[in-house]
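Heads up, the thing below is written out as structure tokens.
The values are calculated or read from the model by the stated rules, or taken from the named source; none is laboratory data. What you are looking at is a predicted structure, and each value in this text was computed from that prediction instead of being measured. Here the Cβ positions follow ideal geometry from the backbone for every residue, glycine too, while neighbour counts run over all protein chains shown. Heavy atoms of the whole protein, side chains included, go into the accessibility calculation; ligands, DNA and RNA do not. Shrake-Rupley method; radii C 1.70, N 1.55, O 1.52, S 1.80 Å.
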Amino acid sequence: MKYYRAHVLICSGSNCAIKGCRSVKQACEQEIIRHGLQGEVQVVDTGCLGLCDQGPALVVYPEGVMYGRLTPSDVLEIVSEHLLKGRLVHRLMQQPTGPAGEVSPLSMTPFFQKQKRVVLKNCGLIDPERIEDYVRAGGYTALATALDVMTPESVIAEITQSGLRGRGGAGFPTGRKWEYTRVAAGQQKYVICNADEGEPGTFKDRLILEGDPHLIVEGMALAGYAIGATRGIVYIRGEYELSIHRMEQAIRQARENGLLGEGILSSAFSFDLEVCAGAGAYVCGEETALIESIEGNRGEPRFKPPYPVEKGLWGQPTSVNNVETLANVPSIIEQGALWYRSLGTPSSPGTKVFTLTGNIVNSGLIEVPMGITLREVIYEIGGGIPEGKQFKMAQTGGTSGGCLAAAHLDIPMDYDSLQSHGSSLGSGALLIMDDTHCIVDLTRCFLKFFVHESCGQCTPCREGAPALYHLLGKVSAGAGGHADIQLINRLSRTMQSSSLCALGQTAPVPVLSALQHFWPEIEAHLNGRCPANKCVMGKAAGKIAN
Amino acid sequence: MKSLQELKAMRERMGESKGIRTSASPTKITVAMGTCGIAAGARSVLLAIMGELAETGLRDTAVTQTGCLGICEREPLVEVVHQGHTTLYAYVNAERARQIVRDLLSTAEKEEK
């Protein structure tokens, strides 16, 4: 086998692609050839490293040195200094050096030390376009082991014992969902991977699919084996071109290697996958709307029950699981439910992938054990609030999640703790806002999104969201009174209790949590004052609000 | 692929470079590549080390470079760190470089027993 003394891992995730990682890679390869190093140094495209803010980025091993915010001309220096002469280019380095100029490996930096990578174990370390890289990292061992020595029932039992809960937002126990699908009567059962990630500020599923697509293939095959399905569909948001490309490629490679198709690994189990691209509606992330969309209908949620586990795709029992949920499965099968339970909290075992956005130094992708506090995430991993400003608000779980204030920085981040504070773990988006922002202005922004994305099928959501949006506009303009706040409250409760799907049910969550946790600031607006000086008040505002 | 055994065989075949990507290799060979080292032939030493590593299949070994160590008259210099012990070799040429790797391999084999 070929021996390379150095590996250059270039993040090729879509966040870095926007910033120009392709030209960086090209420059790197050209320079390596110009210096005659092509036999010694390997350049690899990898998935997201997590520090999206510092892209385009590359890591040079064996030293584990990360260079960030690169331009093609920076790369010339890295090749001629670091790769040729072994001298680090301190100007471009993104990690601190010791007193003698020594580098601590990337894994020892504060950003990575607090993290626990299960789902992202291969992200940024392997080439997602090569099945060989995945296998070398231990991939498909879980599938082979399960087919060899485990019954479908024992796979379900293992997942149930691990306490894995759905990572799409609702937190439903995965083992139980599989069990229901397994026992439901039907000719043909289906596994669907929900990768229609549309929650603003959430991009974890995209980066998982881009960084380690074979992990999802393996997770889905295990799900198929467990519930007795022979077909699976990966429903990917249409805008996620790179995810679609890499997933299709992974499926092809798995088929060529006998890991999908008829009689996988000489067993009696047959399973195959296909990719279905969404057409750009937020509501299709809701599982029944997603199923409608696959069937070629308009993406509108169905009445429940019956749930998809009984009557899903084409009326057959269907298990719809989030990307991150499925990405946990191979590790659980390989290392056992007990190991998984050793991570996280008793009611929410395991890890959670978060996407950090907003006013935070290290915006990007992280994976931490459940139960970590918001403070640790923001100040230790995230590097704090930039420009010396103060923390004001964190919205957990995306736009349909609740707003938490500084007083909540120490609550553990897991399904139940967040729920008891009027928020949710949701999709794993973490929007951090500093004290220059106004809570009324922000919640109005959130509502605008739901006005746009409501599918219009049920009245509470179709009419409620615009009404809420306008009421918040009134408050923002300084024209609101206590009666409006009462109306906002009533309207919110109506939407929560009578909307058809989670879109309408959760749209008022940011508003209600803001009323609960930021009341003094909202009250100031009723008195015609915006403490953050963001809202335009008075006559000029009247025009904007209308 | 037909079975778990084949999967394992495939993984074996594809070998070891993963260790390099975690900067956790227990053995590290450093070639001094200052201008003094390069002038004395450090480049061919480096290539010889890599060639021998590929041939012998010695695992968990990282090869890096460094600048001038300050003993220019004894270049090319090669430093080997293995199990916490540091050895500095002077006046290394391609042949001696290959010998260094073979010695490491036999040490590693003894340790395994």
- Message: Considering just Cα atoms, how many Å³ per residue does the convex hull of the stretch B:42-113 enclose?
- Response: 86
- Item | Per-residue average of Cβ from other chains inside 10 Å of A:131-141 | 4
- Query: Quick one: Cα centre-to-centre distance for the stretch A:117-152 and the stretch A:257-336, in angstrom?
  - Reply: 20
- Roll a 1.4 angstrom probe over the protein heavy atoms and tell me the percent of accessible area of chain B that is carbon or sulfur. 51
- Check the straight Cα-Cα distances from A:Lys204 and name the lysines below 25 Å, setting aside those fewer than 8 residues away within the same chain. A:Lys19, A:Lys25, A:Lys114, A:Lys116, A:Lys121, A:Lys177, A:Lys352, A:Lys392, A:Lys448, B:Lys18
- Please give the average number of partner chain Cβ atoms lying within 10 Å of the Cβ of each residue in A:37-50, rounded to a whole number. 1
- Query: So, in nm, how far is label A:Asp435 from label B:Glu12 when the simple model puts each one 7 Å beyond its Cα toward the Cβ?
  - Reply: 6.4
- Message: Using protein chains only and a probe of 1.4 angstrom, how many square angstrom of A:Thr97 are accessible, to the nearest 10?
- Response: 60
- Item | Interatomic Cα distance distribution for chain A, bins of 10 angstrom, percent | 4, 18, 26, 25, 17, 8, 2, 0
- Item | Accessible area buried, both sides summed, chains B and A with 1.4 Å probe, Å² | 3200
- Query: Which is farthest toward the positive dipole end of the stretch A:165-245 among A:Pro213, A:Tyr235, A:Thr181, measuring Cα position about the Cα centre, with Cβ charges +1 (Lys, Arg) and -1 (Asp, Glu)?
  - Reply: A:Thr181
- Note on the structure: Expressed in square angstrom to the nearest 10, the accessible area of A:Val89 with a 1.4 Å probe stands at 10
- Between A:Val183 and A:Glu153, what is the spin-label point distance in nm, taking each point 7 Å from the Cα along the Cα→C-beta axis? 1.2
- Relative contact order %, the stretch A:131-341, counting alpha carbon pairs below 8 Å whose residues are six or more apart: 31
- Cα-based shape type of the stretch A:1-107, given that a ≥ b ≥ c are square roots of the gyration tensor eigenvalues and the cut on a/c is 1.5: rounded
- Task: Specify the inter-centroid distance of the stretch A:23-102 and the stretch A:389-437, based on alpha-carbon positions, in whole Å.
- Result: 36
- Item | Expected 222 nm ellipticity per residue - DSSP helices of 4 or more, -39500 (n - 2.57), all of chain A, to 500 | -11500 deg cm²/dmol
- Check: the stretch A:106-155 dipole with +1 on Lys, Arg Cβ and -1 on Asp, Glu Cβ, in debye: 380
- Message: Please give the charge dipole size of the stretch A:131-341, origin at the Cα centre, charges +1 on K and R Cβ atoms and -1 on D and E Cβ atoms. Round to the nearest 20 debye.
- Response: 540
- Note on the structure: The answer for chain A, accessible area per residue at 1.4 Å probe in Å², is 37
- Nearest 20 debye, what's the magnitude of the dipole of the protein assembly as shown about its Cα centre given +1 on Lys and Arg Cβ and -1 on Asp and Glu Cβ? 840
- Item | Average partner coverage of B:3-11, which counts Cβ from other chains inside 10 Å | 6
- Listed residues A:Asp416, A:Asp148, A:Asp196 arranged by accessible area, highest first, probe 1.4 Å: A:Asp148, A:Asp416, A:Asp196
- How would you rank A:502-514, A:25-37, A:328-340, highest first, on the average number of other Cβ atoms within 10 Å across their residues? A:502-514, A:328-340, A:25-37
- Message: Give me the one-decimal nm value for the distance between modelled label points at A:Glu274 and B:Glu55, 7 Å along each residue's Cα-to-Cβ direction.
- Response: 5.4
- Query: For chain A, which whole percent of the accessible surface, found with a 1.4 angstrom probe, sits on carbon and sulfur atoms?
  - Reply: 51
- Item | Minimum 20 Å² accessible area buried by the other protein chains, the stretch A:68-99 residues, probe 1.4 Å, relative to alone | A:Leu84, A:Lys85, A:Gly86
- Query: Can you give the extra length, in nm with one decimal, that the chain gains between A:Glu295 and A:His245 once fully stretched, where that is 0.36 nm per residue apart less the Cα-Cα distance?
  - Reply: 15.8 nm
- Task: Just need the relative contact order of chain A here, percent rounded to a whole number, with Cα pairs under 8 Å and 6+ apart.
- Result: 13
- Message: Would the stretch A:131-341 count as rounded, prolate or oblate if I go by the C-alpha gyration tensor, calling it rounded below 1.5 in a/c and otherwise prolate when a/b exceeds b/c, oblate otherwise?
- Response: rounded
